[in-house]
1. Round to a whole angstrom and tell me the spacing of the C-alpha centers of segment 88-113 and segment 29-69.
2. At R0 = 25 Å, how high is the FRET efficiency between D146 and L55 if r is their beta carbon distance? Nearest 0.05 is fine.
3. Residue separation times 0.36 nm, minus the C-alpha to C-alpha distance between M95 and R31: what's the value?
4. How large is the charge dipole for the chain, taken about the Cα centre, if only the Cβ atoms of Lys, Arg (+1) and Asp, Glu (-1) carry charge, to the nearest 20 debye?
5. When only the heavy atoms of the protein chains count and the probe is 1.4 Å, how do E91, E79, E24, E121 rank by accessible area, highest first?
6. Please list T82, T89 from largest to smallest accessible area, probe radius 1.4 Å, with all protein chains kept in place.
7. Sticking with the crude label model, points 7 Å out along Cα→Cβ, report the distance from R158 to R135 in nm, one decimal please.
8. For D146, tell me the accessible area in Å² from a 1.4 Å probe, rounded to the nearest 10.
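The values are calculated or read from the model by the stated rules, or taken from the named source; none is laboratory data. Note that the structure is predicted; figures quoted are calculated from it, not measured. Using ideal geometry, Cβ is built from the backbone for each residue, glycine included, and neighbour counts are taken over all protein chains shown. Heavy atoms of the whole protein, side chains included, go into the accessibility calculation; ligands, DNA and RNA do not. Shrake-Rupley method; radii C 1.70, N 1.55, O 1.52, S 1.80 Å.
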Amino acid sequence: MAGTSPAMTAFMASPSFMQLALDEARAAAARGEVPVGCVVVRDGAVIASAGNRTLADKDPTAHAEMLAIRAAATSLGSERLTGCDLYVTLEPCAMCAAAMSFARVRRLYFGAGDAKGGAVENGGCFFAQPTCHHRPEVYSGINESDAATLLKDFFAARRS
């Protein structure tokens with residue numbers, strides 16, 4: 001894999017982490033939540049996973065990323081997720097990107113871009129701001145079609 005970064009090579013060797021995030025997204029959809037799922041990985045092992053729970057928890061901050069970051073921090077006994085990688089099915093919003101920055105997430109892998117609410121490659125591009133404390137490596141488009149289809153199907157069903 002000439003020209004491929006070590007982080008992307010590591011990802012391609014273990015694509016099951018994004019599949020686990022997609023499983024979390026499917027479970028969220030089954031609960032009536034927007035289908036977004038997230039897993040946090042450290043040293044090749046999942047230390048936390050979550051799907052959106054904003055409706056169930058009646059909490060606008062209960063995005064999959066926020067829940068997984070909180071669980072990972074509890075699991076590690078630290079507010080810093082140094083050496084951790086985050087896999088999420090949808091491009092993170094500004095709130096979630098800020099949490100990743102403050103937690104010092106090492107790498108972010110995400111599936112579908114979000115032109116409306118994303119803040120990594122769209123919108124305000126949080127990690128590109130001069131006030132951003134920490135910038136994880138970012139890899140987008142991972143299982144993008146699966147993640148996008150899950151979201152499109154969910155919203156199409158709600159409209160019908």
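1. Each part's Cα centre sits 12 Å from the other's.
2. Values: r = 23 Å, r/R0 = 0.92.
Efficiency, from the Cβ-Cβ distance: 0.65.
3. 20.8 nm
4. Working: 15 positive and 16 negative charges, 47 e Å.
The dipole magnitude comes to about 220 debye.
5. E79, E121, E24, E91
6. In descending accessible area the options line up as T82, T89.
7. 3.3
8. It works out to around 70 Å².
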